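Heads up, the thing below is written out as structure tokens.
The values are calculated or read from the model by the stated rules, or taken from the named source; none is laboratory data. Everything numeric here is computed off the predicted structure, so don't read it as measured data. In this analysis, Cβ positions are derived from the backbone assuming ideal geometry, glycine residues included, and neighbour counts consider all displayed protein chains.
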Amino acid sequence: MVVVMQERATDEQVQQVIAQLTQMGFDVHRSTGALRTVLGAVGGNRQFDTRLLEVFEGVQEVVRITEPYKLAGRTFKPENTVVSVGDVRIGGDEVIVMAGPCSAESEEQVEASAAAVRRAGAKVLRGGAFKPRSSPYSFQGMGEEGLRLLKSAADRHNLKLVSEVMDLSQIELISKYADILQVGARNMQNFTLLRELGRSRTPILLKRGISATIEEWLLSAEYILAGGNMNVVLCERGIRTFESYTRNTLDISAIPVIHKLSHLPIVADPSHGSGRRDMVPSMARAAVAAGADGLIIEVHTDPDHALSDGAQSLYPNQFDGLMAELRIIAPAIGRAICLEPVTRRGWGV
């Protein structure tokens, strides 16, 4: 249920409505927009008479929400959410690019990758320290040492850091290093993990599950939002279909669907979405044209010898070329990429 307050409702009137909702057993989430305050009420008695709230001073209307996701939907928050990570704003006018290696492998590799993606215009360094692999015999990541290398390189090149959290026990550790906690496709419905991340205030990058519907994906986001963490960014990373030519099928149509149903920003992962280096630029261009608020792309200085996901990782020069193309596409749809252009291409820093 959503309670929409009048444009000039006082804070005292808002607090009176919150107190009444709480007394009725609802968990209340407040969203203050440019013109009015909206109160999202979750739980409680769904059979109550809405007129009990409509008569409160300052209340404009009471709306029952039919969607199973209450806080992630636009009924609760019509305007777009912008997730701020320091000076990086995901969901604003700029398309934010996150890039880097699938996993940290060595100090030299991490440093070279961070320097390359920053030079090309990325704002966030991506990199894994704990890797969920299908085979128990595959490289599982460097652990905390990998986090140290990633954080050090990110700080040195003025980048934010996004890294994956796989388990409850890792949240505190990874939060010490990463600016954004990534929930991978395999953990999208790990509800115990999602509930705990709801208690955090670190931004969360929530990837779509391998076979998840959009509604299931939004319901997973709801777990985090319901816990009080409103800093959620969705990530379309491809789903499993009948097609076997590509690693996954990047669902470009999910981008406008999410923008219609939800206020949360959405980024696309063309690396996992295709699994093929030669297809990543095409999918990245398509995602930006479809309205993605950002991209997360794997870039490696020596992908042919990468310990994980080398086949879908771009060489730095390929990433440079892609960023140049995206700077042409983004303005055509009223967006921008890399508002701090890079020196190497002659734009200055």
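Among the residues of region 142-154, is any part of a strand (DSSP E or B) and at pLDDT 95 or above?
no
Restricting attention to region 88-109, does a residue exist that is assigned to a strand (DSSP E or B), free of Cβ contacts under 8 Å to residues at least 12 places away in the same chain and touching a strand residue (DSSP E or B) at 6+ places or on another chain (Cβ under 8 Å)?
yes
Residue check: is Glu67 within 24 Å of Asp293 (Cβ to Cβ) and either crowded, with 16+ Cβ neighbours inside 10 Å or free of Cβ contacts under 8 Å to residues at least 24 places away in the same chain (or both)?
Answer is yes for this residue.
Name, by its number, the condition in (1) part of a strand (DSSP E or B); (2) touching a residue at least 40 places away in the same chain (Cβ under 8 Å) that does not hold for Ser113.
(1)
Just one of Val257, Val267 is surrounded by 18 or more Cβ atoms within 10 Å (Cβ to Cβ) and not in a loop (DSSP other than H, G, I, E, B); which is it?
Matching residue, one of Val257, Val267: Val267.
Can you say whether Arg133 is modelled with pLDDT of 95 or more and closer than 24 Å to Val233 by Cα, as far as the supplied structure shows?
The answer is no for Arg133.
Being closer than 14 Å to Ile204 by Cα, of a type outside the set (A, V, I, L, M) and touching an Asp or Glu at 6+ places or on another chain (Cβ under 8 Å) is the filter; apply it to region 117-175 and report the residue that is surrounded by the fewest Cβ atoms within 10 Å (Cβ to Cβ).
The extreme case among them is Lys160.
Residue by residue through region 173-189, note down the ones that are part of a helix (DSSP H, G or I) and either of a type in the set (S, T, N, Q) or over 20 Å from Met142 (Cβ atoms) (or both).
Scanning region 173-189 gives Ser175, Ala185, Asn187.
Within region 228-247, does at least one residue satisfy the condition of being of a type in the set (D, E, K, R), within 21 Å of Gly73 (Cβ to Cβ) and part of a strand (DSSP E or B)?
Yes, the conditions are met somewhere in region 228-247.
When only residues in region 60-76 that are hydrophobic (A, V, I, L, M, F, W, C) and at pLDDT 90 or above count, which is nearest to Pro265 (Cα to Cα)?
Only one residue tops the list, namely Ala72.
Can you say whether Glu7 is touching a helix residue (DSSP H, G or I) at 6+ places or on another chain (Cβ under 8 Å) and either surrounded by fewer than 16 Cβ atoms within 10 Å (Cβ to Cβ) or in a loop (DSSP other than H, G, I, E, B) (or both), as far as the supplied structure shows?
no
In this structure, does Gly184 turn out to be farther than 20 Å from Asp87 by Cβ, surrounded by 18 or more Cβ atoms within 10 Å (Cβ to Cβ), in contact with a Lys or Arg (Cβ under 8 Å, 6 or more places away or on another chain) and not aromatic (Phe, Trp, Tyr)?
For Gly184, the condition - farther than 20 Å from Asp87 by Cβ, surrounded by 18 or more Cβ atoms within 10 Å (Cβ to Cβ), in contact with a Lys or Arg (Cβ under 8 Å, 6 or more places away or on another chain) and not aromatic (Phe, Trp, Tyr) - is met.
Please enumerate the residues belonging to region 29-55 that are crowded, with 19+ Cβ neighbours inside 10 Å and of a type outside the set (S, T, N, Q).
Matches in region 29-55: His29, Val38, Leu39, Gly40, Ala41, Leu53.
Starting from residues that are within 12 Å of Cys102 (Cβ to Cβ) and surrounded by fewer than 17 Cβ atoms within 10 Å (Cβ to Cβ), keep the ones in region 285-335 and report whichever is modelled with the lowest pLDDT.
Restricting to residues being within 12 Å of Cys102 (Cβ to Cβ) and surrounded by fewer than 17 Cβ atoms within 10 Å (Cβ to Cβ), the top hit is Gly310.
Condition first: over 23 Å from Glu222 (Cβ atoms) and not acidic (Asp, Glu). Now tell me which residues in region 40-62 satisfy that.
Arg51, Leu52, Val55, Phe56, Gly58, Val59, Gln60, listed by residue number.
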